[in-house]
Amino acid sequence: MVRTGARHFAYCLGDCVDRRIDRGIYCLPNAHQSVDRNNLQLDIAMTLTALNQNSVAVVTGAAAGIGLAISKRLATYGMTLVCLDKQADRLDAVGDALMAAGAREVFTSSANVSDFDALIDLERIVADKFGGTDILINNAGIQPGSTMFGPMDEWLNVLGTNLWGVINGTKAFVPGMIKRGRPGIVVNTGSKQG
């Protein structure tokens, strides 16, 4: 079952996930939201069952920054990682680093997240090769330095990656995750820059 409890600690998947949960520090979507700690603990426990060596994680924007850091953290669980990034020249080094960090297997792809059909094709490959996806990290994002009155092509590129990349990734992978019937996690990252 895909749990929505992941939204409570989305950025905690970084290097300090265990410490944050042990200390009872939770990342809430709204600072003014009241939370039943018992339910939150249950959501976190159920979501964390997806963090194991039998899981398959798909990470977009995995060649650098937050995507690479999340991928390295997930590799320590011994799981299979599917890493996407438009920077195809970096993917071999990423694969090597993730295997060294403990990943069971690494599959890389330069599929563009703004291309829905490419993500559908990748989802089929992941399902055929690994049985499906358990964890989806929609992390790809760009900020080419456009301005409000900048060229329309730059705007379309930013929206294609930062907005449609999340929508396309979710639409391509989550139905299979639900059908798979296993614990799962979906994390969508974003920033004020992109």
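If you check G150, G160 for being part of a loop (DSSP other than H, G, I, E, B) and of a type outside the set (V, I, T), only one passes: G150. Being modelled with pLDDT under 55 and of a type in the set (D, E, K, R) is a condition met by at least one residue of segment 28-41.
Only residues that are assigned to a helix (DSSP H, G or I) and either at pLDDT below 95 or open to solvent by 80 Å² or more (accessible area, probe 1.4 Å) (or both) were counted across segment 163-179, and they come to 4. The residue that is farthest from L91 (Cα to Cα), counting only those in segment 42-63 that are of a type outside the set (S, T, N, Q) and at pLDDT 95 or above, is V56. In segment 110-138, the residue that is farthest from the chain's Cα centre (by Cα) out of those that are within 22 Å of T49 (Cβ to Cβ) and in a loop (DSSP other than H, G, I, E, B) is G131. Per this entry, A100 is counted among residues that are open to solvent by 70 Å² or more (accessible area, probe 1.4 Å), of a type in the set (G, A, S) and either in contact with a Pro (Cβ under 7 Å, 6 or more places away or on another chain) or farther than 12 Å from V56 by Cα (or both). Residues that are touching a helix residue (DSSP H, G or I) at 6+ places or on another chain (Cβ under 7 Å), on the phi > 0 side of the Ramachandran plot and part of a loop (DSSP other than H, G, I, E, B) occur at least once in segment 97-107. Within segment 172-194, the residues that satisfy the criterion of being out of contact with any helix residue (DSSP H, G or I) (no Cβ under 7 Å at 6 or more places or on another chain) and over 22 Å from G65 (Cα atoms) are V174, P175, M177, I178, K179, R180, G181, R182. For segment 122-162, filtered to residues that are of a type in the set (D, E) and open to solvent by less than 40 Å² (accessible area, probe 1.4 Å), the residue that is nearest to R73 (Cα to Cα) is D134.
For S114, the conditions (1) within 17 Å of I167 (Cβ to Cβ); (2) open to solvent by less than 40 Å² (accessible area, probe 1.4 Å); (3) in contact (Cβ under 8 Å) with a residue 12 or more places away in the chain are fulfilled apart from (2). Residues that are surrounded by fewer than 16 Cβ atoms within 10 Å (Cβ to Cβ) and farther than 19 Å from T60 by Cα within segment 180-191 comprise just one, G181.
The values are calculated or read from the model by the stated rules, or taken from the named source; none is laboratory data. Here the structure is a predicted model, which is why all the values come from computation and not from measurement. For neighbour counting, all protein chains shown are included, and Cβ atoms are generated from backbone atoms with ideal geometry for every residue, glycine included. Accessible surface is based on the protein model in full, side chains and every heavy atom, while ligands, DNA and RNA are left aside. Shrake-Rupley method; radii C 1.70, N 1.55, O 1.52, S 1.80 Å.
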